[in-house]
Amino acid sequence: MYTKCLSYISLVIAVTICSCSNNDSNNTAAKGADTLKPNQPNTNYKPAFEGQKNITAVTTTTPYKVERLAEHIGRPWAVTPMPDGQLLVTDKSGFMLILSAEGKLVKKITGFPPVNDKAQGGLLDVALDPAFTKNRIIYWSFSEKRDTGNLTAVAKGVLPEKDTVIKNPVVIFRATPELNSELHYGSRLVFDKDGNLFVSAGERSILPGRKQAQWLNSGLGKIFKITKEGKPAPGNPFINQADAKPEIYSYGHRNPQGLALHPATGDLWEVEFGPRGGDEVNLIKPGKNYGWPLITYGIEYDGNKIGDSIQQKAGLEQPVYYWDPVVSPSGMIFYSSDSIPEWKNNLFIGGLSSMHIIRLVIENNKVVGEESLLADQKERIRDVAEVNGKLYAVSDGGVLFRISKK
């Protein structure tokens with residue numbers, strides 16, 4: 001299935017470099033992407049339907065302002081609004097910051113389980129318990145070092161009101177198996193309306209993990225749906241299937257780094273790193289197979305084709321939208337406020353190598369418009385949040401942005 005002109009060892013090395021070259025890391029390996037021509041497509045593959053890529057550009061007509069509220073805040077990976085209007089920001093190094101709505105440091109929270117913060121790892125996403133105002137419980141994902149490798153883990157604990165140390169931290173879920181890789185952890189968290197938790201996990205980049213994105217007995221390259229205790233959520237599609245992990249909600253994913261629920265429909269949307277020329281936006285349905293690595297609109301970063309080099313196959317889901325050239329998508333949210341009416345129910349995605357926020361206008365589950373925000377700031381946007389109609393974003397360079405109506 002895989003390209004035969006490379007030896008196995010060479011291909012493993014190439015795949016490892018490729019995942020970093022998709023610009024999800026600031027390490028040396030990521031420099032490989034600098035040789036790519038950012039504004040030229042990587043393939044001549046044809047979309048499955050009109051509007052699946054290169055949709056019409058749109059421009060926000062409502063006047064808005066951009067503020068750099070804070071700089072040098074560390075190595076942020078996620079920003080999450082708190083009920084009081086403050087922001088909870090994770091740092092890859094293994095702690096969290098609470099910032100005011102104006103970007104001022106309120107306090108630093110420590111005491112989390114150890115993380116492996118090399119390459120793409122660290123303390124990653126965070127989500128508040130739906131009953132947070134009563135129980136102060138938060139959930140977070142992180143790259144956990146195990147005996148023979150690393151994996152994506154989810155933990156929960158109590159965020160203290162006055163203290164600065166997380167209370168009662170406990171790991172509730174692990175995306176096994178562990179692999180000797182420090183790449184493609186995926187790792188976004190989203191609660192649904194019933195209080196169950198969606199968790200994304202990547203396939204860890206290397207070939208032994210890549211193929212497991214198609215295995216239902218593996219936790220790699222999957223989106224899970226679990227309870228607050230880390231158990232399979234009731235009604236999961238494979239809960240009664242032999243030789244399948246009952247926590248799995250969908251499979252065939254590469255490195256899903258964005259999850260969000262549509263505020264009007266409640267549907268789960270996902271964005272994931274593809275290979276060279278194949279970043280995707282997907283509408284996630286239970287039990288569906290999203291194709292990686294059997295189908296893809298991308299190629300290896302060394303220019304070779306992937307597998308049988310096909311983009312469509314019966315039984316495998318098509319992305320709603322994809323990019324070629326890539327944007328290296330990360331965290332995302334749907335805008336639910338009326339503050340800027342034309343943004344209502346639009347999807348906002350952090351772009352890393354593209355260095356901007358991507359705004360997608362979605363109608364009837366199709367992308368009908370795309371806009372770039374913050375492109376002049378030249379920052380790798382890691383995550384996006386909304387608070388009272390204002391967009392907040394954190395960058396790999398440690399900058400906190402706010403976009404609001406003038």
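Things worth noting here:
- Shape class for region 292-406: oblate, because the ratio a/c of the largest to smallest gyration tensor axis (alpha-carbon atoms, square roots of eigenvalues) is 1.5 or more and b/c is at least a/b.
- Summed over all non-identical Cα pairs, the Kirkwood treatment of region 147-216 gives a radius of 13.9 Å.
- Of the three principal axes defined by the Cα atoms of the chain, the extents in descending order read 59, 50, 41 Å.
- Surface composition of region 175-295: carbon and sulfur make up 47 percent of the accessible area, probe 1.4 Å.
- All other residues whose Cβ lies under 13 angstrom from that of VAL190 are scored, Lys and Arg at +1 and Asp and Glu at -1, for a net of -4.
- 20 Å tail of the calculated P(r), region 154-293, as % of Cα pairs: 46
- For region 44-185, the C-alpha radius of gyration divided by 2.2 N^0.38 Å, with N the number of residues, is 1.29.
- Take the Cα of VAL58, go 7 Å toward its beta carbon, and the backbone nitrogen atoms of region 321-336 under 19 Å from that spot belong to 321-323, 332-336.
- For region 164-237, the dipole from Cβ point charges (+1 on Lys and Arg, -1 on Asp and Glu) about the Cα centre works out to 60 debye, to the nearest 20.
- Selection from THR60, GLN86, PRO169, by position along the positive dipole direction of the chain (Cβ): PRO169
- By the compact-protein rule of thumb, 2.2 N^0.38 Å, the alpha-carbon radius of gyration of region 326-384 corresponds to a ratio of 1.09.
- Backbone HN-Hα couplings from phi across region 60-69 [Karplus 6.51/-1.76/1.60, Hz, Gly and Pro as x]: 5, 9, 5, x, 9, 10, 10, 10, 8, 6
- Among the listed pairs LYS378/LYS406; LYS211/LYS245; LYS145/LYS231; LYS167/LYS193, a Cα-Cα separation exceeding 18 Å is found for LYS378/LYS406; LYS145/LYS231; LYS167/LYS193.
The values are calculated or read from the model by the stated rules, or taken from the named source; none is laboratory data. These figures come from a predicted structure and were not determined experimentally. In this analysis, Cβ positions are derived from the backbone assuming ideal geometry, glycine residues included, and neighbour counts consider all displayed protein chains. Remember, those area values only see protein heavy atoms, side chains included, never the ligands or the DNA or RNA. Shrake-Rupley method; radii C 1.70, N 1.55, O 1.52, S 1.80 Å.
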